[in-house]
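Written below as structure tokens is the structure these notes are about.
Taken together, the values in this text are just the output of simple stated rules run on the coordinates, not laboratory data. Quick caveat, the model's predicted, so the values are computed rather than measured. Methodologically, a virtual Cβ is constructed for each residue, glycine included, from the backbone with ideal geometry; neighbour enumeration extends over all protein chains shown.
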Amino acid sequence: QYLNTQWEKKWINLGVNRAKQLWKSQYRDCKSREATPLPLPFMDEEPDDYDLFNRQIDAVTSTSDQFEQFINSSPIEVTGSPLDWWLEDRQRRAYPQLSIMATDVLSIATMAAESERVFSCG
């Protein structure tokens, strides 16, 4: 929703489609590099069948449509940098694979060189 109010329509379609392609091709179906199960309320006890079933449901739900959930959610106020926000534990737990994609993309260093100098032969 933020994009609809702040970006030009042509930017939205291009940006969202490219992000969705990246998501589908490299992140959606991969196992989380930093997958940590959410703590259960009673960690002293062994999980019963119900707890194990809930973990399976959570895993399936959280990985299959994280991109769509996030892109269609209400705008979120981010204080600080977007990279810092995605590195917070809350986002990493809510969107495990999507947070990896976001940190990978947002961690790319910017280039300060002039484009003519970078692509020149001499």
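Details
- Model label points for Arg93 and Asp49, set 7 angstrom from Cα along the Cα-to-Cβ axis, are 2.8 nm apart.
- In this rough spin-label picture, where each label sits 7 Å from Cα along the Cβ direction, the Leu14-Asn72 distance is 2.6 nm.
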